[in-house]
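Just so you know, all these numbers are worked out from the coordinates, no wet-lab data involved. Keep in mind that what you see is a predicted model, and the values were worked out from it rather than measured. When we count neighbours, we look across all protein chains shown, and the Cβ atoms used for this are built from the backbone with ideal geometry, even at glycine.
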């Protein structure tokens, strides 16, 4: 049953952590499962030899930073709604565990909770009321895992974000599949096939049909006039020892790339004149030549196309073939180079007709965009300069197509048509992620490393490298992005989900099947809003659960990286922006015709320098917490995910909760990351988040002195529990997260107490500092004893 007012919720007392974490860890894995992960999930599902396939995930719609596992989001949301008297067996059954086991047995495939629907009838029975009366709000919803699963449970789901890319993804992930169901999927599938046909007809002649990916190097002229490649590594397949080497034509003064089994030495002296080569000088010359060349092409100078193969040095072509690594490599031919020039000539024709300039992102890269700061300072000051001529041509042609179809679909189908166009625009943005000057070649996996998965993932900054790549848009790139298969035979029953290569349509099919009919207009909603002013949009005391995964200081620059995609999506969807951003949904002072994302509203900032210090980020979090407290019902819960590696960040978070009147009632360590993600391979990364459960305006236990045995015993107990929960399942491999989360739990305990003698509100800071100091001291002692 749902808890009576003031009574504990299930998540405040018990939670099937091991089972949920097994599902979440499996969901966050990419194409392979770690041995221990496979063992845990197959044991849980009761199958021995189940296969792991690439199953649809919502991040396949398009990249968005830091999505949380939907399986865990479902479990945490339901546990926050049910009363503590519900048994864990009933709880797991309501989540869909039994359904997952049944599907796994029948299909012999590892099946996660996300792949099956919850038992909504059982959810209603356990609640004892209409699930739609449970209002779940995610004010910083990002990629949409939390509102998606709230809606699948049958709850009222309200989601918002300040970021227009997140807002559109929320509508594409949650709202439109729920509103239009199978009708939406069928329309988008039809439009996807048409888009691929268009791409092949309009762009096919500029690519080799048997090609899969192209690897380029930037090239510039040395002081002697000879063309030199900017290349630090020339590996194509590191495992098999396949490289690009160069022979230098000293008469023509141009490099000739060849496929080789030997890694060439670094270029230290010029092969034409023998003088030293300055990498920095060559890079600066390349930027200057690239900018001049694009400007000439955009001004309709067809003669400039003859210089394309010199500035963008095509080094190798990966051929299409069976398997994801393709069919080997070949050196470029004169025909390949002529295709590059022909694409540039087509670009000048579009420029001359006046069509081009309205289709490509001509806006300047904003001075406030820190992700692209290094690129901007290198001399590339406009978004369109982040593409080669052929990449720009593909972008322009496909943007023109999406724009035309958006207008036609809107006129024919209304909002449904605008929704269908949105998925085409997301496909274009996803393709652009693999087709820009900021990509690089992954010699270990023999594929393109996209902008977000390489340079941004390494340091949350994007910079110019040496190589860049291009997916063959009409024959390989777009078909992979959309994954539009042939239409089903008449009478053939479609599966609700199937294996995927990472495209849009398989996950859209699952979403439409799972969500159809669950959207209730006027109850559920997606908004573009400012989370710190949530109480100005939603009625006070109207929300049961505020469930949120907020930013963690400056770990991600959401505005900076998504602005790269926004300028592409915006251009493609120009005719339907008013339909996708209706006035009643936009709660901030911003226009969808603005190429800049409203970064002033982002909750982001540097962490405090030390424990006890405060930050500007924390001030924004406090504003959000206070707004959330106003919209929560008397017995409402705040459920907040948090994963940050520095103690001062945790201490400030719990201080902000304390300052805003919250008492933390429970914390859980929930698996939230992939072992295989790129950042995890670079350093010891947090693979779990701490889920913090808190109540606003809760009473606190008064203490006559900070070193009260009641506080100390509570801290010792929670630290032991935290260490056991993480180390007992994952071992010493997760020692650092175990230590940090156990200290965080100690701070959480401190929020439940109040030293006597501190006057509010001036005494809040001193009160918490006193409590947290004691909690930290006792926690360290408890950790040392445990280890």
Task: Listed peptides 648-661, 166-179 by packing density, highest first (mean Cβ within 10 Å) - done: 166-179, 648-661
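Between residue 704 and residue 374, how high is the FRET efficiency from 1/(1 + (r/R0)^6) when r is the Cβ-Cβ distance and R₀ = 51 Å? Nearest 0.05.
0.35
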Task: Cα-Cα pairs of region 269-348 separated by more than 14 Å (percent) - done: 71 percent
- [ ] Please label the shape of region 529-616 as rounded, prolate or oblate, based on the square roots a ≥ b ≥ c of the eigenvalues of the alpha-carbon gyration tensor (a/c under 1.5 means rounded; beyond that, a/b larger than b/c means prolate, else oblate).
- [x] oblate
Open item on the list: Rounding to the nearest 10 and keeping the result within 0 to 90°, find how far the Cα-based axis of helix 415-432 lies from the longest principal axis of the chain.
Closed with: 60 degrees
Task: Ellipticity estimate at 222 nm from DSSP helix runs (n ≥ 4, -39,500 (n - 2.57)) divided over the chain, nearest 500 - done: -13500 deg cm²/dmol
Task: Per-selection Rg to Rh, region 120-259 - Cα, Kirkwood hydrodynamic radius - done: 1.27
TODO: Mind giving me the nanometre distance, one decimal, between the label points for residue 183 and residue 49, set 7 Å out from Cα along Cα→Cβ?
DONE: 4.6 nm
- [ ] Pop a pseudo-label 7 angstrom from the Cα along the beta-carbon direction at both residue 259 and residue 301 and give the gap in nm to one decimal.
- [x] 3.7 nm
Open item on the list: Rounded to whole Å, give me the distance from the Cα center of region 237-294 to that of region 31-67.
Closed with: 42 Å
TODO: In whole angstrom, note down how far apart the Cα centers of region 512-541 and region 611-666 are.
DONE: 22 Å
TODO: Mind jotting down the distance between the C-alpha centroids of region 204-233 and region 71-139, whole Å?
DONE: 53 Å
Task: Fully extended contour minus Cα-Cα distance, from residue 353 to residue 616, at 0.36 nm per residue - done: 89.7 nm
Task: Packing rank of 395-403, 592-600, where each peptide gets the mean count of other beta carbons within 10 Å, highest leading - done: 395-403, 592-600
- [ ] Neighbouring Cβ atoms within 10 Å as the yardstick, rank 357, 290 fewest first.
- [x] 357, 290
Open item on the list: Under the √(5λ) rule applied to the eigenvalues of the Cα gyration tensor, what semi-axes describe the equivalent ellipsoid of the chain? Give them in Å, descending.
Closed with: 47, 30, 26
TODO: Subtract the Cα-Cα distance of residue 444 and residue 278 from 0.36 nm times their separation in residues, and report this length gain in nm to one decimal.
DONE: 56.9 nm
- [ ] Go ahead and run the numbers for FRET between residue 633 and residue 756, Cβ-Cβ distance against an R0 of 30 Å, rounding to 0.05.
- [x] 0.50
TODO: With label points built 7 Å along Cα→Cβ from the Cα atoms of residue 32 and residue 101, find their separation and express it in nm.
DONE: 3.1 nm
- [ ] Report relative contact order for the chain in percent, whole number only (criteria: Cα-Cα under 8 Å, sequence separation at least 6).
- [x] 15 percent
Task: Anisotropy class of region 609-653 from Cα gyration tensor, a/c 1.5 cut - done: prolate
Task: Acute angle (nearest 10 degrees) that the helix 17-27 long axis makes with the longest principal axis of the chain, alpha-carbon atoms - done: 10 degrees
TODO: Apply 1/(1 + (r/R0)^6) to the Cβ-Cβ distance of residue 197 and residue 291, taking R0 = 25 Å, and write down the FRET efficiency to the nearest 0.05.
DONE: 0.10
Open item on the list: Full-extension gain between residue 237 and residue 777, please, as 0.36 nm times their residue separation minus the C-alpha to C-alpha distance.
Closed with: 189.2 nm
Open item on the list: Can you say what percent of the DSSP beta bridges in the chain, counting only those with both residues inside, are antiparallel? Round to 5.
Closed with: 70 percent
TODO: Please label the shape of region 1-129 as rounded, prolate or oblate, based on the square roots a ≥ b ≥ c of the eigenvalues of the alpha-carbon gyration tensor (a/c under 1.5 means rounded; beyond that, a/b larger than b/c means prolate, else oblate).
DONE: prolate
Open item on the list: On C-alpha positions alone, give me the angle between the axis of helix 334-352 and the longest principal axis of the chain, in degrees, nearest 10.
Closed with: 80 degrees
Task: Sequence ranges 696-702, 205-211, ranked by mean other-Cβ count within 10 angstrom, highest first - done: 205-211, 696-702
